[in-house]
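I have placed the structure first, in the form of structure tokens, so that the comments after it can refer back to it.
The values are calculated or read from the model by the stated rules, or taken from the named source; none is laboratory data. Every value quoted in this text rests on a predicted model; they were computed, and no experiment measured them. Ideal geometry is used to build each Cβ from the backbone, glycine not excepted, and the neighbour counts take in all protein chains shown. Just the protein is used for accessible areas: all its heavy atoms, side chains included, with ligands, DNA and RNA removed. Shrake-Rupley method; radii C 1.70, N 1.55, O 1.52, S 1.80 Å.
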Amino acid sequence: MEADFQFGDVEELFRSAPTLKDEFVIRENLEKFIHRNCELGRRLVCITSGGTSAPLERNCVRFLHNFSSGNRGAVSTEYFLQAGYAVIFLYKRNSSQPYCRRIVECFKPDHSSSVQDRIELMECAVQSYHESVVQGKLLEVSYETIFQYLQLLRLIARNMNCLEKNAMFYLAAAVADFYVPWEAMDEHKIQSREGPLTIQLALVPKMIKVLRKQWAPSAFCVSFKLETDSTILMKKAKEALHKYNVHAVVANELTTRNEKVIVVTNEGEKTIEKDLDVEMPLVQFLKERHREFIECK
Ligand code: PAZ
């Protein structure tokens, strides 16, 4: 049975978390970005992407890491921009970034195009990235730890609340379920001479609930569910839809996540299969659901 959380647990996590570095600058950039896109009447999506790390020491040498390459978030960002959305890309440092896959592909030894063609492809990717940033359509915010991720998500969500239904959350990041609370953490590197290590991990409160209820209750919210056991995936995705009161849950299995996803909504299930990739039809589908949500009085 999964544990349920009180809002007190959430407050406690934020109270004890180390303060965000550069919070003032991040807040200012966010406010400017959201205000401008709001004035222009653009829809805005916050895409979370990559894993999170849960440190074991305050001066961190070791940490627990959640698997995610950041590909889903980065590629989806490209398609949301193409669909006319402004995007806040909240990503794990060193995970994939929008347009980078096109550059990486140019370095593959079996690439069939000429060097000149590859240079043009790379230039095109850099150009698309540059334009999105300078035109104020893409804002990137990076994090490393679970503490930074949650604090940044709260900051972004509270600011995005003013967009009401025009705001969307696309929560593709693989967020830690377990962590060592800051106050229980050793200051310095844990010493192996003290013998085998036993760590007590606390459960990370489910922030989607708080996002939906308190931070940005009017926004359209899409969460993701990853499982490795296919027999429980759909049950868990349907549970998440109701438990967190989100508008859609994207269910995927680890080994087939780049071939197929199933979107669960209150209207039923929709299987989305790879075309050029999975993200293009997925973003198209969610954009339509978001439009209906906005138009529904
Ligand atoms: O980042 P990636 O492209 O390697 O993988 C994407 C994913 C599997 C992390 C994402 O689709 C997802 O399911 N995120 C939520 C994971 C979770 O259940 O916490």
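What is the gain in length, in nm to one decimal, between Val61 and Phe14 on full extension, counting 0.36 nm per residue of separation less the C-alpha to C-alpha distance?
The Val61-Phe14 span can extend by a further 14.7 nm.
Taking Lys297 as the anchor, which aspartates and glutamates have their alpha carbon closer than 17 Å to its alpha carbon, excluding any fewer than eight residues away along the same chain?
Glu164, Glu288
Would you calculate, for the chain, the mean residue ellipticity at 222 nm contributed by helices, counting each DSSP H stretch of 4 or more residues as -39,500 (n - 2.57) and dividing by all residues, to the nearest 500?
Calculated mean residue ellipticity at 222 nm is -12500 deg cm²/dmol.
Among 234-241, 72-79, how do they line up from the highest to the lowest mean number of other beta-carbon atoms within 10 Å?
Packing proxy ranking, top to bottom: 72-79, 234-241.
With θ taken as phi - 60° and the coefficients 6.51, -1.76 and 1.60, list the Karplus ³J(HN,Hα) couplings across the range 255-267 in order, rounded to whole Hz; mark glycine and proline as x.
Rounded to whole hertz, the list is 7, 10, 5, 8, 10, 7, 9, 10, 9, 9, 10, 5, 8.
When the accessible area of the chain is split by element with a 1.4 Å probe, what percent falls to carbon and sulfur?
Working: 7920 of 15790 Å².
Heavy-atom surface of the chain belonging to carbon and sulfur, 1.4 Å probe: 50 percent.
Spelling out what I want: for every residue of the range 144-161, take phi, set θ = phi - 60°, compute 6.51 cos²θ - 1.76 cosθ + 1.60 (Karplus), and round to whole Hz; glycine and proline get x.
10, 9, 4, 5, 5, 4, 5, 5, 5, 4, 4, 4, 5, 5, 5, 6, 6, 4
Taking 0.36 nm per residue of sequence separation and subtracting the Cα-Cα distance, how much length would be gained by fully extending the chain between Gln135 and His188, in nm to one decimal? Don't jump to the answer; show the numbers that get you there.
Numbers: separation 53, 0.36 × 53 = 19.08 nm, distance 4.41 nm.
My answer for the length gained is 14.7 nm.
So which of Lys32/Lys270; Lys32/Lys274; Lys92/Lys236; Lys21/Lys238 end up more than 30 Å apart by C-alpha? Working shown, then result.
Values: Lys32/Lys270 37 Å; Lys32/Lys274 36 Å; Lys92/Lys236 25 Å; Lys21/Lys238 37 Å.
Among Lys32/Lys270; Lys32/Lys274; Lys92/Lys236; Lys21/Lys238, the Cα-Cα distance tops 30 Å for Lys32/Lys270; Lys32/Lys274; Lys21/Lys238.
Which residues' amide hydrogens lie under 5 Å from the amide hydrogen of Glu57, considering only partners 5 or more residues apart or on another chain, with H built in the peptide plane?
Those qualifying (amide H under 5 Å, at least 5 residues apart or on another chain) are Arg62.
Using amide H atoms built in the peptide plane, which far-off residues or other-chain residues are under 5 Å from Lys225 H to H?
Residues meeting the amide H criterion: Val250, Ala251, Asn252.
At most 16 other Cβ atoms within 10 Å and a DSSP loop assignment: could you name the GluC sites (Glu not before Pro) in the range 102-189 that fit?
Values: sites: Glu105, Glu120, Glu123, Glu131, Glu140, Glu144, Glu164, Glu183, Glu187; in loops: Glu144, Glu187.
Within the range 102-189, the qualifying GluC sites (Glu not before Pro) (loop, at most 16 other Cβ atoms within 10 Å) are Glu144, Glu187.
Taking the Cα centre of the chain as the origin and placing charges on Cβ (Lys, Arg +1; Asp, Glu -1), which of Leu138, Leu56, Met122 is farthest toward the positive end of the dipole?
Towards the positive end, the residue furthest out is Leu138.
Could you do me a favour and compute the accessible area per residue for the range 7-295, 1.4 Å probe, result in Å²?
Averaged over the residues of the range 7-295, the accessible area is 51 Å².
Using a 10 angstrom cutoff on alpha carbons, build the Gaussian network for the chain and name the most mobile of Leu150, Leu64, Leu282.
Leu64
Using amide H atoms built in the peptide plane, which far-off residues or other-chain residues are under 5 Å from Glu140 H to H?
Here the answer is Phe89, since their amide H atoms fall under 5 Å of that of Glu140.
Treating only the Cβ of Lys, Arg, Asp and Glu as charged (+1, +1, -1, -1), what charge dipole size does the chain show about its Cα centre? Round to the nearest 20 debye.
Values: 39 positive and 40 negative charges, 99 e Å.
Once rounded to the nearest 20, the dipole reads 480 debye.
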